[in-house]
Amino acid sequence: MMSKKSIAIFAVCIPLLLSLGSCAISKPARLAQSVLPPATASSPAVDPVLEAKRANEAAIAAAEEAYAQSEAKAEDAGFGGNPQIAEAKRTLELSKAQFLEQKYQDSTANAYETLNYTRMSDAWVDGDTARLAKEAEEKAAAEKLLADPVMAEAHERMAWADTNSIGKDYPKQYKEASTSMAAAELAYQNKRYASAQALASGVSGTITDTFKTTVISDRKLAEAKALSEKAASDKAIAEAERAKAEALADQAKKDAEAGRQAAEKSAQER
């Protein structure tokens, strides 16, 4: 049995020996070889125009697909009609026109130009998208820095309003402040820091230091008035009770005197 290596060598040598005519082949085999057609037939002639057309069609199809994708990407990012995508459109239309004119090589070249412009557009969109995202992030960070202390102050003022039950005595002011505070918190959660700052400023604009002073002053006056009224009421009640006691005492004296006189009269009549 032949080894794998021997088989491999044999497989390589046979074609080589056949081509040199030095391999020991039997006479019948050589005769058969002389009358058989060549092992490899000649390939048919290639039509260069047809090949150029086919290559052109493939290039245009690739360019159309790339243009559609790049145009959609640019539109979605808000950069539709950028210079690169405009050039991609121009070269694609030119390529199609040249194809109809059977200028296949020129058409293919412009289809490749379309592909280049779509790549440039994609890179431009990616770059500007990243730049705008960074700018937006930096702007948001700056706005947050301004909004944070305003939000903190608004929270403090609302806490004071709740602790002092402002809604009971000042329902209008409390409703305005609480509505603004809720809106400010929602805006802040959605990272709309400038809006949050403006709304929180409205809270502080309603629950001002002057308003707080007024509330405290009004409450003290109301408390003093209530104490005064209570004192007056207590005094009136006390006076009424004293008058009642005096009246009862006088009546008791009168009753006692009347009883004494009645007793004396009864004794005399006996």
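The values are calculated or read from the model by the stated rules, or taken from the named source; none is laboratory data. As the structure is a computational prediction, the values presented were derived from the model and not from experiment. So basically every Cβ, Gly included, is an ideal-geometry build from the backbone, and we count neighbours across all protein chains shown.
What the table shows:
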read-out: Evaluation of residue 163 against (1) closer than 30 Å to residue 186 by Cβ; (2) touching a Lys or Arg at 6+ places or on another chain (Cβ under 7 Å); (3) of a type in the set (Val, Ile, Thr) (one fails), failing number; value: (2)
read-out: Answer residue from segment 70-88, given it is charged (D, E, K, R) and surrounded by fewer than 17 Cβ atoms within 10 Å (Cβ to Cβ) and is farthest from the chain's Cα centre (by Cα) among those; value: 75
read-out: Any hit, segment 163-177, residues being at positive phi, over 26 Å from the mean Cα position of the chain (by Cα) and exposed (fewer than 13 other Cβ atoms within 10 Å of the Cβ); value: yes
read-out: All helices (runs of 4 or more DSSP H) inside segment 132-224 with 1 or more residues being of a type in the set (Val, Ile, Thr) and in contact with a helix residue (DSSP H, G or I) (Cβ under 7 Å, 6 or more places away or on another chain); value: 166-169, 193-206
read-out: Where residue 126 falls short, out of the listed (1) modelled with pLDDT of 95 or more; (2) acidic (Asp, Glu); (3) surrounded by fewer than 18 Cβ atoms within 10 Å (Cβ to Cβ); value: (1)
read-out: Residues of segment 204-215 classified as in contact with an Asp or Glu (Cβ under 8 Å, 6 or more places away or on another chain) and either of a type outside the set (A, V, I, L, M) or over 15 Å from residue 165 (Cα atoms) (or both), total; value: 2
read-out: Total residues in segment 97-121, condition part of a helix (DSSP H, G or I) and surrounded by fewer than 18 Cβ atoms within 10 Å (Cβ to Cβ); value: 9
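Residue by residue, here is whether (1) out of contact with any His (no Cβ under 8 Å at 6 or more places or on another chain); (2) more than 30 Å from residue 171 (Cα to Cα); (3) modelled with pLDDT under 80 holds:
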residue: 221; (1), (2), (3): yes, no, no
residue: 228; (1), (2), (3): yes, no, yes
residue: 248; (1), (2), (3): yes, yes, no
residue: 251; (1), (2), (3): yes, yes, no
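Each row is one residue, and each column tells you yes or no for (1) touching a residue at least 12 places away in the same chain (Cβ under 8 Å); (2) more than 30 Å from residue 133 (Cβ to Cβ); (3) touching a Cys at 6+ places or on another chain (Cβ under 6 Å); (4) aromatic (Phe, Trp, Tyr).
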residue	(1), (2), (3), (4)
147	yes, no, no, no
167	no, yes, no, no
179	no, yes, no, no
191	yes, no, no, no
211	yes, yes, no, yes
223	no, yes, no, no
251	no, yes, no, no
